[in-house]
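Just below is one structure, and these are the notes that go with it.
The values are calculated or read from the model by the stated rules, or taken from the named source; none is laboratory data. Source: prediction; values computed, not measured. For neighbour counting, all protein chains shown are included, and Cβ atoms are generated from backbone atoms with ideal geometry for every residue, glycine included. These area figures cover heavy atoms from the full protein model, side chains too; ligands, DNA and RNA do not enter into them. Shrake-Rupley method; radii C 1.70, N 1.55, O 1.52, S 1.80 Å.
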Amino acid sequence: MTDTTTATPQDTHIDLTQQEREADLNIHELKRLVGLVEYDETKDPFPVTGWDAIVFVVGNATQAAQYYQNVWGMELVGYSGPENGNRDHKAFVLKSGSIRFVLKGAVSPDSPLIAHHAKHGDGVVDISLEVPDVDKCIAQAKAAGARVVQEPETVSDEHGSVRVGAIATYGETRHTLVQRTVDGQTYAGPYLPGYVAKVSTFVKRDGAPKRLFQALDHIVGNVELGKMDEWVSFYNRVMGFVNMAEFIGDDIATDYSALMSKVVANGNHRVKFPLNEPAIAKKKSQIDEYLEFYNGPGAQHLALATNDILRTVDELRKEGVEFLDTPDAYYDDPEMRERIGEVRVPIEELKARKILVDRDEDGYLLQIFTKPLGDRPTVFFEIIERHGSLGFGKGNFKALFESIEREQDKRGNL
Ligand SMILES: [Fe+2]
């Protein structure tokens, strides 16, 4: 089991993870930020506590680690590389709130990361999840027919032990399952055995916020035409994930491109995976463009949760981050204004920043999408601020698509 701290007496069914506790987050905040719900873990065949780390393979981890500190306000906390015995690659561990990113770049010319990077470019190689019992999860995965890529094993160093195993998911992406408490002892190192604590000399600009995002809300996977239902079923069958309300068919279509999307989530909803597949349309869809340039299925976007999207977007723009554009017509449309109703700031504030709004029966959300983060038109980030809505911005998909298509067209890929 992970930590057993509870925030308030009425919230006794949800425990904070170690990462959330270290980030000074509380249950109330997490319910609003990422839509955390209570559930009974004892009946779950594959209990998942939450995200453990998002592992990226990049072309230059040394420089990417600086980018994520300088631009995205993340904090460097750990490292593995030739200086501490890892001659294959360098890996930098960065945190923001309860999110942990691990950036890996090849050092040795023989590193297997080189072939991965040549094939896919910068991208997510591992969506690592924290689980209370790795052996239980791997046994369930095997029984349900999943491909186990790492049998459960205990790895240790002077900070203690963790137990890890891994299963394959779409494309060349994997889910490493990390059990951080072994024989009653919780691992105390900066990340995993083999990593050392590392800080940097980076100093934030005067007045910069403590952090630009607090938690990870969801990660979208792009899979091939006709494969979405297979992967939804994989998450249902293998990992006991539940289907969320937002199931979308052909209604996400513009004149040119279309996609299908369904969403699965773990029991407590910390981990949410929308899964997209391209749909037949007149021109190449954004999912097709991704599949072509990533060279197969993979993680398309990571949604970073914030409690102040206006400030986060302002800070990111100052650092040069480029967001997808939204035409003024989106904000001036009376039908849209009617649907959205009152939100916490005047619509003009959102219009000035090109932030999108969506509302459903539970509340609303504010969201904005970056342009692709790397050279290939593949992985990007979403910034999301939830106010009750547990959706993913379905009402904005058309506006978002049209914006993506304008960018696709500029790249000659529409
Ligand atoms: Fe999203």
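Using alpha carbon centroids, what distance separates the stretch 212-227 and the stretch 373-397, in Å?
The stretch 212-227 and the stretch 373-397 have Cα centres separated by 9 Å.
Name the most mobile residue of 363, 59, 267, meaning the one with the largest mean-square fluctuation, in a Gaussian network model of the chain with Cα contacts below 10 Å.
Sorting by GNM fluctuation, first place goes to 363.
Using the heavy atoms of the protein chains alone and a 1.4 angstrom probe, what is the accessible area of the chain per residue in square angstrom?
About 41 Å² of surface per residue is accessible.
Could you look at the stretch 260-312 and say what percent of its accessible area is carbon and sulfur, using a 1.4 Å probe and all protein chains?
That share works out to 51 percent.
For the stretch 6-165, which whole percent of the accessible surface, found with a 1.4 angstrom probe, sits on carbon and sulfur atoms?
50 percent
Just to be sure I understand: of the beta bridges DSSP finds with both ends in the chain, what percent are antiparallel, rounded to 5?
Of all bridge pairs located within the chain, approximately 80 percent are antiparallel.
Per residue of the stretch 161-172, in order, report the coupling 6.51 cos²θ - 1.76 cosθ + 1.60 (Karplus, θ = phi - 60°) as ³J(HN,Hα) in whole Hz, putting x for Gly and Pro.
Taking θ as phi minus 60°, the curve returns 10, 10, 10, 10, x, 8, 10, 7, 10, 4, x, 9 Hz for the stretch 161-172.
Between residue 130 and residues 5 or more places away or on another chain, which pairs have amide H atoms under 5 Å apart, with H built 1.01 Å from N, and which residues are they?
Here 49, 50, 51, 52, 178 satisfy the definition.
Can you send over the carbon and sulfur percentage of the accessible area for the stretch 353-407, probe radius 1.4 Å, protein chains only?
The nonpolar share, carbon plus sulfur, comes to 48 percent.
Using θ = phi - 60° and the Karplus form 6.51 cos²θ - 1.76 cosθ + 1.60, what ³J(HN,Hα) does each residue of the stretch 174-182 get, whole Hz, x for Gly and Pro?
Computed from phi, the couplings for the stretch 174-182 are 10, 10, 7, 9, 10, 9, 8, 10, 10 Hz.
Of the cross-linked pairs 210/394; 283/410; 262/351; 262/354, which ones have a Cα-Cα span greater than 20 Å in the structure shown?
Among 210/394; 283/410; 262/351; 262/354, the Cα-Cα distance tops 20 Å for 210/394; 262/351; 262/354.
Using the Cα centre of the stretch 310-414 as the reference point, and only Cβ charges (+1 on K/R, -1 on D/E), how large is the resulting charge dipole? Debye, rounded to the nearest 20.
300 debye
Using θ = phi - 60° and the Karplus relation 6.51 cos²θ - 1.76 cosθ + 1.60, list the HN-Hα couplings for the stretch 354-363 in order, rounded to whole Hz, with x at every Gly or Pro.
With coefficients 6.51, -1.76 and 1.60, one gets 6, 7, 8, 10, 9, 10, 9, 5, 8, x Hz.
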